[in-house]
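S.K.: Sharing a structure with you now.
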Amino acid sequence: MRVDRVLFGSGGFGRGALSIDKPAKNPYNDYPKESLYMRQKYYITTAIAYASGKPHIGNTYEAVLSDSIARFKRYEGYDVYLQTGTDEHGQKIEDKAKAAGVTPKEYVDNVAGEIKRIWDLMGTSYDRFIRTTDEDHVKAVQKIFKYMYDKGDIYKGCYEGMYCVPCESFFTPSQLVDGKCPDCGREVQPAKEEAYFFKMSKYADRLIDYINTHPDFIKPVSRKNEMMNNFLLPGLQDLCVSRTSFTWGIPVDFDPKHVVYVWLDALANYITCIGYECGGESSELFKSLWPADLHVIGKDIIRFHTIYWPIFLMSLDLPLPKTVFGHPWLLQGDGKMSKSKGNVMYADDLCDLFGVDAVRYYVLHEMPFDNDGTITWDNLIERLNADLANTLGNLVNRTVAMSNKYFEGRVKRTDVTEPVDDELKLVATATLPRVKKAMDELRIADALSEIFNIFRRSNKYIDETAPWVLAKDPEKADRLSEVLYNLIESISIGANLLAPFLPKTAEKILKQIGTEPRAIETLMTFGMYPEAGSKVAEKPEILFARLDPKAVMEQAEAMQAKYQKPAEPEAPAILPIKDEIAYDEFSKLDLRLAKVVACEEVKRSKKLLKLTVDIGSEQRTVVSGIKNWYKPEDLVGKTVVLVANLKPVTLCGVESHGMILCASDPEDKELAFVTPEKALKEGWVVR
């Protein structure tokens with residue numbers, strides 16, 4: 001029987017589309033025919049990493065996840081194109097470059113190089129690493145913006161609202177949570193500037209209909225429900241798509257004082273990188289790949305990819321991607337990784353301690369489909385010792401060692417079988433369909449668990465058959481040979497399935513058991529290990545050494561110490577005086593004495609109190625962030641100073657008409673109202 005041989009790129013299970021030397025007729029009729037020898041395209045993308053700093057392991061997980069999906073699709077026979085890269089524009093990067101004393105381009109060149117280094121270290125088999133500063137991307141985005149403007153989907157206006165620099169996003173006061181960004185929880189700042197806007201509402205109904213009729217468009221379903229209920233169904237506001245308050249961005253070529261909003265710029269990378277030509281003839285690569293089969297993104301940017309991006313595509317009259325997968329976060333302990341918290345782990349440091357494939361295994365295995373995963377030093381050590389060192393490494397080591405000890409490394413099938421063999425064979429040959437199903441559903445952790453079931457069952461098989469006992473009886477030599485063959489064949493099937501996830505480890509295993517990568521459809525037939533001339537390695541290599549928890553923790557503490565932020569300097573006793581203003585500017589403020597007549601907590605907030613104040617001519621509602629210092633019942637009857645002519649805003653659903661003046665220390669540890677020294681009438685002017 002002729003067995004198809006899988007031809008991989010350099011490095012065995014490495015980068016490059018799968019090619020198969022196929023026979024005239026497929027002998028494996030029990031495997032789905034449509035997945036055999038197919039050259040169907042599969043276009044998969046990561047979210048391009050924001051080039052503001054070195055990516056931590058939570059950011060790196062996405063590259064490893066996408067790479068594993070791409071490698072598995074290649075193994076299935078798809079012609080895969082994996083896209084990744086860096087998002088390099090925006091105010092945050094301009095500010096960071098200024099603080100570092102370099103130009104924005106110099107800054108992103110350095111960070112993009114670091115991101116690419118880590119992606120390469122982790123074995124990411126991308127076909128293009130795009131940078132949004134690439135010339136072809138810049139020109140393509142300018143054409144896209146002009147096309148949308150000429151079509152009437154973009155118009156010029158003026159924006160006034162609250163802006164979050166890290167998220168590059170605008171919010172209305174009612175969208176803020178405790179007065180802060182609803183996405184990242186950071187401070188926002190008021191912004192008012194001329195801007196171009198995209199008519200989101202023009203396409204909203206069409207997008208709602210598309211999502212309702214394409215159940216696989218947004219995964220998991222919880223992300224779909226969030227987008228529909230929180231954003232689409234309440235109604236979309238027009239989206240600001242340009243800025244004038246900073247310059248680090250792609251210029252709007254017909255209005256150069258504007259730069260393209262970073263999300264329109266960044267999202268377009270999925271089509272610009274493969275040769276989309278707006279208003280012209282796109283490349284053959286674009287025609288063959290678009291629409292994308294899968295966008296892999298973090299759940300924090302699901303709104304941009306399932307609302308803004310599809311609407312932009314509708315404006316361009318392009319089909320929408322087939323699936324957007326908003327994967328969960330990898331948390332450090334029970335919290336999100338953050339440099340400000342000092343709890344960041346970096347992939348390159350982890351690889352120095354554990355090895356690349358060990359880190360790949362942990363992040364892939366420990367991330368659920370829907371809920372957040374966790375990474376801690378204790379969990380890392382426990383998981384790597386249990387699964388990699390013991391279940392997998394020990395299995396390969398002792399199987400190779402026994403083959404050398406009892407048969408000089410030769411592997412031979414004798415057909416001296418016993419009923420105990422059947423369960424091992426069944427587990428090994430039934431694994432591929434289970435892995436394929438899990439991968440099709442993007443449940444990568446489940447796919448890995450299915451593969452490791454082969455290794456666990458093989459270890460149990462060793463205990464059941466006791467090869468060391470068989471070796472004592474010369475008449476059991478053929479049975480012993482069959483047992484070792486069954487183990488080698490099971491390991492071979494498992495290693496081939498493991499290759500998309502742990503490519504270097506799979507390559508080492510196959511080398512140790514004296515065989516090469518094999519075609520995917522052969523993994524459902526037991527007994528394909530080639531006997532003729534096959535011989536295991538003379539000396540088994542330790543795949544994963546067992547970790548000493550104490551030694552690892554010492555190294556980890558030393559590693560983490562590098563990233564500990566220095567102690568904050570003691571805050572000054574008095575804040576510096578702000579820039580001088582003219583009397584006319586001060587006189588615009590209308591300060592009045594106000595008496596608190598009622599006070600209660602704002603239910604949706606941890607910081608806000610709702611006060612009803614009397615200013616003589618009327619009563620007003622004022623929301624103030626003083627809950628940490630005052631109880632509602634303590635405020636009734638107090639006379640305070642109110643900024644009476646401040647424009648009303650809505651905070652956590654409550655309209656606040658005015659601002660109460662307080663004095664505080666520089667760190668806001670102590671706070672007190674500004675009050676008159678004696679009883680005065682409410683409504684009197686403070687001047």
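Just so you know, all these numbers are worked out from the coordinates, no wet-lab data involved. Model, not experiment: these values are computed from the prediction. Virtual Cβ from ideal backbone geometry, glycine too; neighbours counted across all protein chains shown.
S.K.: Suppose every Lys and Arg Cβ carries +1 and every Asp and Glu Cβ carries -1, with no other charges. What dipole size does the chain come out with about its Cα centre, to the nearest 20 debye?
M.R.: 440 debye
S.K.: I need H214, H89 ordered by Cβ neighbour count within 10 Å, fewest first.
M.R.: By the 10 Å Cβ count, ascending: H214, H89.
S.K.: May I ask for the angle, rounded to the nearest 10°, between helix 549-561 and the longest principal axis of the chain, with both axes built from Cα atoms and the value confined to 0 to 90°?
M.R.: 40 degrees
S.K.: Once amide H atoms are built 1.01 Å from N in the peptide plane, which residues 5 or more positions from V344, or in another chain, come under 5 Å H to H?
M.R.: Amide H neighbours of V344: S338.
S.K.: Please turn the phi angles of the stretch 630-637 into ³J(HN,Hα) values with the Karplus equation 6.51 cos²θ - 1.76 cosθ + 1.60 (θ = phi - 60°), one per residue in order, whole Hz, x for glycine and proline.
M.R.: Result, rounded to whole Hz: 10, 8, x, 5, 7, 9, 4, x.
S.K.: Given charges of +1 on the Cβ of Lys and Arg and -1 on the Cβ of Asp and Glu, with all other atoms neutral, how large is the dipole of the stretch 228-307 about its Cα centre, in debye to the nearest 20?
M.R.: It works out to roughly 320 debye.
S.K.: If one takes the longest principal axis of the Cα atoms in the chain, at what angle in degrees, from 0 to 90 and to the nearest 10, does the Cα axis of helix 477-498 lie?
M.R.: 30 degrees
S.K.: By how many nm would the segment from L426 to K287 lengthen if fully extended, with 0.36 nm per residue of separation less the alpha-carbon distance?
M.R.: Stretched out fully, the L426 to K287 stretch lengthens by 45.7 nm.
S.K.: Highest mean first, what order results for 668-680, 424-436 on Cβ atoms within 10 Å?
M.R.: Descending mean neighbour count gives 424-436, 668-680.
S.K.: Go through the stretch 244-298 and name the GluC sites (Glu not before Pro) that are in a DSSP coil and have 12 or fewer other Cβ atoms within 10 Å of their Cβ.
M.R.: Loop-located and lightly packed - E281.
S.K.: Still on this structure, please answer the following. Give me the net charge for the shell around F586: Cβ to Cβ below 14 angstrom, other residues only, Lys and Arg +1, Asp and Glu -1.
M.R.: With Lys, Arg at +1 and Asp, Glu at -1, the net is -2.
S.K.: Here is a further query. Skipping prolines and chain starts, which residues have an amide H placed within reach, meaning under 5 Å, of the one on T86, given they are 5 or more residues away or on another chain?
M.R.: Distant-sequence amide H within range of T86: A49, I130, R131, T132.
S.K.: How large, in Å, is the stretch 134-278 by the Kirkwood hydrodynamic radius built from its alpha-carbon pairs?
M.R.: Here the Kirkwood hydrodynamic radius works out to 16.7 Å.
S.K.: Students often check this: by mean Cβ neighbours within 10 Å, which of 76-86, 145-155 ranks highest, and how do the rest follow?
M.R.: 76-86, 145-155
S.K.: Output ³J(HN,Hα) for the stretch 513-522: one whole-Hz value per residue in order, computed from phi by the Karplus curve 6.51 cos²θ - 1.76 cosθ + 1.60 with θ = phi - 60°, and x for Gly and Pro.
M.R.: Coupling constants for the stretch 513-522: 8, x, 9, 10, x, 10, 4, 4, 5, 6 Hz.
S.K.: Work out the length of the dipole vector of the stretch 429-553 about its Cα centre, built from +1 on the beta-carbon of each Lys and Arg and -1 on the beta-carbon of each Asp and Glu, and round it to the nearest 20 debye.
M.R.: In debye, rounded to 20, the stretch 429-553 gives about 380.
S.K.: Which value at 222 nm does the chain reach when only helices count, each DSSP H run of 4 or more adding -39,500 (n - 2.57), with the total divided by all residues and rounded to the nearest 500 deg cm²/dmol?
M.R.: Computed ellipticity for the chain at 222 nm equals -11000 deg cm²/dmol.
S.K.: Rounded to the nearest 0.05, what FRET efficiency do E601 and K98 have when you use their Cβ-Cβ distance and R0 = 41 Å?
M.R.: Computed FRET efficiency for E601 and K98: 0.50.
S.K.: Quick one: what are the phi-derived ³J(HN,Hα) couplings along the stretch 644-652, Karplus 6.51/-1.76/1.60 with θ = phi - 60°, whole Hz, x for glycine and proline?
M.R.: Result, ordered by residue: 8, 10, 7, 4, x, 9, 10, 10, 6 Hz.
S.K.: In addition: Using amide H atoms built in the peptide plane, which far-off residues or other-chain residues are under 5 Å from E194 H to H?
M.R.: The list, which skips near neighbours in sequence, is Y159.
S.K.: In addition: Reachable lysines from K257, Cα under 18 Å, same-chain residues fewer than 8 places away excluded?
M.R.: Straight-distance partners of K257: K139, K143, K146, K156, K192.
S.K.: Rank these for me by crowding, T172, T306, going from fewest to most other beta carbons within 10 Å.
M.R.: T172, T306
S.K.: Mind sorting D87, D205 by how few other Cβ atoms lie within 10 Å of their own Cβ, fewest first?
M.R.: Lowest to highest Cβ neighbour count: D205, D87.
S.K.: Further question: Between F369 and D120, what is the label-point separation in nm under the 7 Å Cα-to-beta-carbon projection?
M.R.: 3.7 nm
S.K.: Still on this structure, please answer the following. Which one is right for this structure if Rg/Rh (Cα atoms, Kirkwood Rh) is calculated from it: (1) 1.64; (2) 0.98; (3) 1.07?
M.R.: (3)
S.K.: Working from Cα positions, state the angle (0 to 90°, nearest 10) between the long axis of helix 503-512 and the longest principal axis of the chain.
M.R.: 10 degrees
S.K.: Past 27 Å, Cα to Cα, is the threshold; run K638/K669; K322/K511; K73/K299; K116/K299; K610/K678; K41/K202 against it and keep the listed order.
M.R.: Going by Cα-Cα distance, K322/K511; K41/K202 fall outside the 27 Å limit.
S.K.: Continuing with the same structure: Would you mind checking the stretch 250-280 for residues with the amide N under 12 Å from a putative spin-label position 7 Å along Cα→C-beta of D150?
M.R.: So the set is 278-280.
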